[in-house]
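**Q** I have a structure I would like to understand better, so I am pasting it below and will then ask my questions one at a time.
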Amino acid sequence: MSGLARQVRALEALEARGRLRRLMPRTGADFASNDYLGLAGSDLLRQAASDALARSVAVGAGGSRLLRGNDAEHEALEAEAAAFFGTERALYLGGGFPANLAIFSALPQHGDLVLHDALIHASAHDGMRLGRAEARSFPHNDVTAAEDAIRGWRNEGGTGQVWIAAEAVYSMDGDLAPVADLAAVAERHEAMLIVDEAHATGLFGPEGRGLAHAVAGRENVVSLHTGGKALGVHGGLVTAAAPLVDMLVNKARSFIYATAPSPLNAALLRASLSDLATNPARREAALALRAQAHEAARALCGLHGFESQILPVILGDDRRTMAVAEALQSRGFDVRGIRPPTVPRGTSRLRISITLNTSAEVVTDLFTALAEITEAVPA
Ligand SMILES: Cc1ncc(COP(=O)(O)O)c(C=O)c1O
């Protein structure tokens with residue numbers, strides 16, 4: 001028997017349960033990426049790359065930011081991001097995932113409570129696991145339950161700081177956090193608020209500055225803006241008050257013990273942010289396409305209640321979800337099925353993402369095909 005028999009068995013068990021993940025080539029019309037503004041392959045970023053290379057921006061950082069890896073391009077990006085997002089400071093990390101590891105492991109301290117929405121992203125969970133604060137969840141988007149949980153924890157004798165954590169736009173549900181209400185709870189209880197803007201940056205808030213932009217500059221608010229979604233590049237920007245950013249620089253292992261992100265990437269993100277600030281057309285086109293997708297989903301498939309560019313179509317059963325996704329793929333629509341553990345058991349779904357890599361006509365074709373396929377693939 002091979003020395004890898006346990007791993008092979010584990011994979012076979014996943015396959016038997018319809019849960020095996022596989023890498024797939026990128027084909028078909030894009031209904032799966034997070035490149036909401038179509039920037040990833042754009043002439044704008046191609047030109048920005050060529051300009052950056054022409055002014056000798058380095059491709060590799062060569063080391064950790066705290067050693068030789070700190071580049072002028074990182075610092076320029078951070079200054080511009082802080083100004084754009086309306087915060088005192090910003091810190092650029094290699095991705096949203098390591099940024100959430102940094103936030104959740106290094107900011108809440110022993111004796112604190114992290115109170116997070118039940119649907120928060122895997123990277124926040126992993127950060128909490130690395131951190132020393134207690135973690136509790138509240139039911140999705142239930143502000144009253146969150147406030148009750150703070151009171152309950154205080155009544156049990158909790159004396160540390162409370163950190164409320166939510167996603168501005170939920171990555172698999174596409175619904176919006178009640179950020180103003182959560183910020184009010186944070187104010188009432190002298191709590192901190194962490195807002196993961198990964199799927200909101202570029203689309204929500206004035207000029208795409210984030211759903212929580214109105215409160216982002218407060219001392220008790222920490223935000224994450226990812227560079228790999230609407231901004232079309234890669235990386236994670238944490239925006240917060242200076243002492244919190246300095247804590248990350250001093251304590252966050254995913255920042256300290258990692259090679260700094262490519263300075264070229266930083267230059268590209270500067271171009272994306274500058275485009276957001278100065279060119280409303282791209283964002284307006286994305287918002288118009290999103291509205292058209294909501295209408296097509298309603299008119300052609302009877303699907304309602306979408307709040308963002310992420311349209312979850314919950315089918316429930318894992319295998320049926322994958323069968324419907326495959327049928328759409330075979331007709332040229334790159335729609336992916338999402339199964340547990342990424343989403344709760346019994347809620348497997350198609351995650352339809354609306355980006356500027358497609359068009360109004362293709363969106364209509366997709367929902368026409370979806371109506372036919374869901375009828376044909378048995379429940
Ligand atoms: C809500 C949320 N936060 C953080 C991340 C991680 O960001 P990145 O892809 O930049 O590592 C993701 C990525 O899927 C996400 O959806």
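Coordinate-derived values only; no laboratory data. Worth saying up front: this structure is predicted, and the values here are computed from it rather than measured. Cβ atoms come from the backbone with ideal geometry, glycine included; neighbour counts cover every protein chain shown.
**Q** Order these peptides, 143-151, 23-31, by their mean beta-carbon neighbour count within 10 angstrom, highest first.
**A** 143-151, 23-31
**Q** Let me ask something else about it. Where the convex hull is taken over the Cα atoms of segment 57-179, what is its projected area averaged over directions, in nm²?
**A** 9.3 nm²
**Q** Each label point is 7 Å from the Cα along the Cα-to-Cβ direction; what then is the distance between the points at Arg253 and Leu130, in nm?
**A** 0.7 nm
**Q** Right, here's the next one. R0 = 25 Å: FRET efficiency of Ala379 with Ser330, Cβ-based, nearest 0.05?
**A** FRET efficiency, Ala379 to Ser330: 0.80.
**Q** Hey, can you grab everything whose amide H is under 5 Å from the amide H of Glu167? Only 5+ residues off in sequence or another chain; H modelled, so Pro and N-termini drop out.
**A** Asp196
**Q** Segment 43-278: Rg/Rh from Cα coordinates, Kirkwood Rh?
**A** Computed over Cα atoms, the ratio is 0.98.
**Q** Hey, another quick one. Sorted by average packing, counted as other Cβ atoms within 10 angstrom per residue and highest first, what order do 169-177, 263-271, 288-296 take?
**A** Final packing ranking: 263-271, 169-177, 288-296.
**Q** Under the Karplus relation 6.51 cos²θ - 1.76 cosθ + 1.60, θ = phi - 60°, what is the ordered set of whole-Hz ³J(HN,Hα) values for segment 64-73, x standing for Gly and Pro?
**A** Computed from phi, the couplings for segment 64-73 are 5, 4, 7, 10, 7, x, 6, 10, 4, 5 Hz.
**Q** Please list, ordered by chain and number, the residues whose modelled amide H lies under 5 Å from the amide H of Val114; skip anything fewer than 5 residues away on the same chain.
**A** Glu134, Ala135, Arg136, Trp163
**Q** I've got another one for you. Which percentage, to the nearest 5, of the DSSP beta bridges contained in the chain is antiparallel?
**A** Rounded to the nearest five, the antiparallel share is 50 percent.
**Q** Continuing with this model, one more query. Can you give me the long-range amide H partners of Val222? Hydrogens built in the peptide plane at 1.01 Å from N, cutoff under 5 Å, separation of 5 or more residues or another chain.
**A** Those lying under 5 Å, H to H, from Val222 are Leu193, Ile194, Val195.
**Q** Name the residues of segment 244-280 whose amide N is less than 20 Å from a point 7 angstrom out from the Cα of His110 along the C-beta direction?
**A** Of the residues in segment 244-280, 247-248, 250-254 have backbone N under 20 Å from the label point off His110.
**Q** List the chymotrypsin sites (Phe, Trp or Tyr not before Pro) within segment 178-275 that fall in a DSSP loop (any state other than H, G, I, E or B) and whose Cβ has at most 12 other Cβ atoms within 10 Å.
**A** Sites meeting the loop and neighbour criteria: Tyr257.
**Q** Also, quick follow-up: Mind checking the full-extension length gain between Leu53 and Ala13? Use 0.36 nm per residue of separation minus the Cα-Cα distance, one decimal, nm.
**A** Extra length from Leu53 to Ala13 when fully extended: 9.6 nm.
**Q** Further question on the same structure: With a 10 Å radius around each residue's Cβ, average the other Cβ atoms per peptide and rank 104-113, 84-93, highest first. Intermediate results must be reported in sequence, preceding the final value.
**A** Numbers: 104-113: 20.0, 84-93: 21.9.
Ranked by mean Cβ neighbours within 10 Å, highest first: 84-93, 104-113.
**Q** What full-extension length gain, to one decimal in nm, is calculated for Asp142 and Leu23 as 0.36 nm per residue of separation minus the Cα-Cα distance?
**A** Value of the extension gain: 39.3 nm.
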